[in-house]
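I have placed the structure first, in the form of structure tokens, so that the comments after it can refer back to it.
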Amino acid sequence: MILYPAIDLKDGQCVRLYKGDMEKATVFGDDPAAQARAFVDQGAEWLHLVDLNGAFAGTPVNGGAVDAILAAVDVPAQLGGGIRDMATIEGWLTKGLARVILGTVAVENPDLVREAARAFPGQVAVGIDARNGRVATKGWAEETNVEVTELARQFEDAGVAAIIYTDINRDGAMQGPNVEATAALARAVSIPVIASGGVSRLDDLIALRDCGAALDGAISGRALYDGKLDLAEAMAVLRG
């Protein structure tokens, strides 16, 4: 399992939201590139980036911050938020992102996901963000009647690199991940699954590692910023 430190971008700053609420943002720094370097210095092998403003706007907003991160570090990074057409996908990958994450369009335009996955093998992931088992879109502001597993199975043969599954009610709440739902999703599809939302301590990562399903990785943000999770120690546990 890979541990992905999260850098969530709002108005050019590094923030963490509470359960996806843009009005409940805690600012952890105003230099995203410096934060990226800090994570890499601690041993991070990947970075998980989110353009929060972009997720609501439907188009990239924090491009300058992402560019600065890509210039500052040499580890692969994945980005989600506001990526909803082929031109944006191609533009980000050309700039050096290792992977783009498609969320809203996975619900609204699944053919675009398949087209992108064919055009850029191994560089397109699907972000599935859910509240009470139902998928939410547009920065988690709109809830759908689509079930998580139903959406994931649509992409079984599409060639997507991974599914990033976020339980919105756990995100930023420091209450632990939804291990049961994450494991159930990983068992339901052959696509690699990355867990997101609620990882707040070492025991949470151990629970994901030992959940009985082969998870590809886990994302953590607030716990790393707060110092409740040591990056190097966490990575060692996941390798174990």
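Between a first residue in the range 186-204 that is over 21 Å from G176 (Cβ atoms) and in a loop (DSSP other than H, G, I, E, B) and a second residue that is among the aromatic types (F, W, Y) and at pLDDT 95 or above, which pairs have beta carbons less than 9 Å apart while being 6 or more apart in sequence or on different chains?
Short answer, once both residue conditions are applied: V189/F155; I191/F155.
Working only within the range 205-240, note down all residues that are assigned to a strand (DSSP E or B) and farther than 22 Å from L151 by Cβ.
S220
Looking at M174 and the list (1) part of a loop (DSSP other than H, G, I, E, B); (2) modelled with pLDDT of 95 or more; (3) open to solvent by 10 Å² or more (accessible area, probe 1.4 Å), which single condition is not satisfied?
Of (1) part of a loop (DSSP other than H, G, I, E, B); (2) modelled with pLDDT of 95 or more; (3) open to solvent by 10 Å² or more (accessible area, probe 1.4 Å), only one is false for M174: (2).
Kindly provide the set of residues from the range 51-74 that are open to solvent by less than 30 Å² (accessible area, probe 1.4 Å), modelled with pLDDT of 95 or more and outside any helix (DSSP H, G or I), ordered by number.
Result: D51, N62, V73.
Can you spot a residue in the range 159-170 that is at pLDDT below 95, part of a loop (DSSP other than H, G, I, E, B), out of contact with any strand residue (DSSP E or B) (no Cβ under 6 Å at 6 or more places or on another chain) and open to solvent by less than 10 Å² (accessible area, probe 1.4 Å)?
No, the range 159-170 has no match at all.
Please enumerate the residues belonging to the range 8-24 that are at pLDDT 85 or above and open to solvent by 70 Å² or more (accessible area, probe 1.4 Å).
Listed by number, the list holds a single entry, D11.
I'm checking my understanding of the structure. Among residues of the range 91-107 that are in a helix (DSSP H, G or I) and among the hydrophobic types (A, V, I, L, M, F, W, C), which one is surrounded by the most Cβ atoms within 10 Å (Cβ to Cβ)?
Looking at residues that are in a helix (DSSP H, G or I) and among the hydrophobic types (A, V, I, L, M, F, W, C), I get A106.
Given the options V189, V193, name the one that is of a type in the set (V, I, T) and either over 21 Å from R239 (Cα atoms) or modelled with pLDDT under 95 (or both).
Selected residue: V189, the only one of V189, V193 that is of a type in the set (V, I, T) and either over 21 Å from R239 (Cα atoms) or modelled with pLDDT under 95 (or both).
Which of the residues belonging to the range 1-21 are touching a Lys or Arg at 6+ places or on another chain (Cβ under 7 Å) and of a type outside the set (F, W, Y)?
Residues satisfying the conditions are M1, D8, R16, L17.
Give me the residue from the range 108-145 that is open to solvent by 50 Å² or more (accessible area, probe 1.4 Å) and in a strand (DSSP E or B) and, out of that set, modelled with the lowest pLDDT.
Ranking the qualifying residues of the range 108-145, first place goes to E142.
Can we say F28 is farther than 26 Å from D230 by Cβ, open to solvent by 40 Å² or more (accessible area, probe 1.4 Å) and of a type in the set (F, W, Y)?
For F28, the condition - farther than 26 Å from D230 by Cβ, open to solvent by 40 Å² or more (accessible area, probe 1.4 Å) and of a type in the set (F, W, Y) - is not met.
In the range 75-90, what count of residues is obtained for those that are in a helix (DSSP H, G or I) and open to solvent by 30 Å² or more (accessible area, probe 1.4 Å)?
Matching residues across the range 75-90 total 3.
(1) within 22 Å of P177 (Cα to Cα); (2) open to solvent by 30 Å² or more (accessible area, probe 1.4 Å): which one isn't true of E156, the others all being true?
(1)
The values are calculated or read from the model by the stated rules, or taken from the named source; none is laboratory data. Quantities reported herein were computed from a predicted structural model and do not represent experimental measurements. Note that we place each Cβ from the backbone using ideal geometry, even for glycine, and neighbour counts take in every protein chain shown. When the accessible area is computed, the model is the full protein with side chains, heavy atoms only, and any ligands, DNA or RNA have been set aside. Shrake-Rupley method; radii C 1.70, N 1.55, O 1.52, S 1.80 Å.
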